[in-house]
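The values are calculated or read from the model by the stated rules, or taken from the named source; none is laboratory data. No experiment lies behind these values; they were computed from the predicted model shown. Because the Cβ atoms are built from the backbone with ideal geometry, glycine has one as well, and the counts that use them run over all protein chains shown. Keep in mind that these areas ignore ligands, DNA and RNA; they rest on the heavy atoms of the full protein, side chains included. Shrake-Rupley method; radii C 1.70, N 1.55, O 1.52, S 1.80 Å.
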Amino acid sequence: MKTGTKLGILALVVAVSCVAAWNYHIGQVDIPESRTLFVAAFLTAVALGVAAFVVKGRSWIGGVAAVPAILIGLFFPFTMAISRQEVASDAIRVGDTIPRFTSVDERGEPFDSETLRGHPVLIKFFRAHW
């Protein structure tokens, strides 16, 4: 197999693996505070994809694999860069008392957080990078 083809396929494997790992963390509601390793891996996929076009000896398969790797590798760091999500200094933490609020529940009935007083409550928020 030609070097450029190997690089293109490797670039796609790195990009797809990073997307799979990112989606796993999203599913676990466990996105790392530091996304440096993800960004580095995505940019590595870009570098490998570009190298697949620069290095002599590439079949069409290497080129076809390199293009989505470059696009994926650029898309995810870009979206991470433009959508900062930082924890506010007054954020609710594990063990804190729930603040008082009123809202409407899924049945359209009024809801008051005061009804939860004295009961353990799990509040789960979905946090993604966008």
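Which is farthest toward the positive dipole end of the chain among Thr115, Pro68, Gly49, measuring Cα position about the Cα centre, with Cβ charges +1 (Lys, Arg) and -1 (Asp, Glu)?
Of the candidates, Gly49 comes out farthest on the positive side.
Under 1.5 on a/c is rounded, so check that first for the stretch 28-83, then, if it is not, pick prolate when a/b is larger than b/c and oblate when it is not; a ≥ b ≥ c are the square roots of the alpha carbon gyration tensor eigenvalues.
Details: a/c = 2.85, a/b = 2.74, b/c = 1.04.
Prolate, because a/c is 1.5 or more and a/b exceeds b/c.
Classify the stretch 1-40: rounded, prolate or oblate, from the alpha-carbon gyration tensor (a ≥ b ≥ c, eigenvalue square roots; a/c under 1.5 rounded; otherwise prolate if a/b is larger than b/c)?
oblate
For the chain, what is the accessible area per residue in Å², given a 1.4 Å probe and the full set of protein chains?
Ligands and nucleic acids excluded, the figure is 70 Å² per residue.
How large, in percent, is the carbon and sulfur part of the accessible surface of the chain at a probe radius of 1.4 Å? Walk me through the intermediate numbers first.
Working: 5880 of 9090 Å².
Here carbon and sulfur together make up 65 percent of the probe-accessible area.
With r defined as the distance between the Cβ atoms of Asn23 and Ser83 and R0 fixed at 22 Å, what FRET efficiency is calculated, to the nearest 0.05? Please report the intermediate quantities before stating the final value.
Numbers: r = 16 Å, r/R0 = 0.74.
Rounded to the nearest 0.05, the efficiency is 0.85.
Tell me the trypsin sites (Lys or Arg not before Pro) within the stretch 47-85 that lie in a loop according to DSSP and have at most 15 other beta-carbon atoms within 10 Å.
Lys56, Arg84
Averaging sequence separations of C-alpha pairs under 8 Å and six or more residues apart, then dividing by the length of the chain, give the relative contact order as a whole percent.
Dividing the mean separation by the residue count of the chain yields 30 percent.
Based on the Cβ-Cβ distance of Lys2 and Ala40, what FRET efficiency does E = 1/(1 + (r/R0)^6) give at R0 = 35 Å, to the nearest 0.05?
E(calc), rounded to 0.05, equals 0.85.
Collect residues whose amide H, placed 1.01 Å from N in the peptide plane, falls under 5 Å from the amide H of Phe111; neighbours closer than 5 in sequence don't count.
Ser103, Val104, Asp105
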